[in-house]
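Have a look at the structure below, then the notes.
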Amino acid sequence: MATPGPMTPEAPFEPSQPPVIEGFSPSVYSNPESFKEKFLRKTRENPMVPIGCLGTAAALTYGLYCFHRGQSQRSQLMMRTRIAAQGFTVAAILGGLAVSAMKSRQSKP
């Protein structure tokens, strides 16, 4: 068996400081974004996701309203519409990820 080499002493762990990881910077932006700023930036990058979310919420709300009023056929239609809106939202998320990946691939030399 091979004997391990001599151990080099490392700096002690400092809990008040974040760990230093080579090649990783904790923040891409110079100043941290607020929730509102990040939401607006993400909405500008992929506006279809919020539209799909609003469509899903609207179909669900109206479907539940129709169910409460006893309009079962319309309620079923709205639940199917909700499923379609959810599918649209997932497709918009995946499309946004694909576009983002293509942009980052093109920007690398």
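Using beta carbons and a limit of 6 Å, which pairs, at least six apart or on different chains, have the first residue in the range 47-70 and over 13 Å from T81 (Cβ atoms) and of a type in the set (D, E, K, R) and the second one open to solvent by 50 Å² or more (accessible area, probe 1.4 Å) and at pLDDT 95 or above?
Between residues of the range 47-70 that are over 13 Å from T81 (Cβ atoms) and of a type in the set (D, E, K, R) and residues that are open to solvent by 50 Å² or more (accessible area, probe 1.4 Å) and at pLDDT 95 or above, there is no close pair.
Go through (1) open to solvent by 100 Å² or more (accessible area, probe 1.4 Å); (2) of a type outside the set (K, R); (3) modelled with pLDDT of 90 or more and name the single condition Q71 misses.
(1)
In the range 76-108, what residues are open to solvent by 50 Å² or more (accessible area, probe 1.4 Å), hydroxyl-bearing (S, T, Y) and touching a residue at least 40 places away in the same chain (Cβ under 8 Å)?
S100
Name the single residue that is most open to solvent (accessible area, probe 1.4 Å) among those in the range 51-68 being β-branched (V, I, T) and touching a helix residue (DSSP H, G or I) at 6+ places or on another chain (Cβ under 8 Å).
Result: I51.
The values are calculated or read from the model by the stated rules, or taken from the named source; none is laboratory data. Just so it is clear, the structure is predicted and the values come from calculations on it, not from any experiment. Ideal geometry is used to build each Cβ from the backbone, glycine not excepted, and the neighbour counts take in all protein chains shown. Ligands, DNA and RNA are stripped out before the accessible areas are found, and what is left, the full protein with its side chains, is counted by its heavy atoms. Shrake-Rupley method; radii C 1.70, N 1.55, O 1.52, S 1.80 Å.
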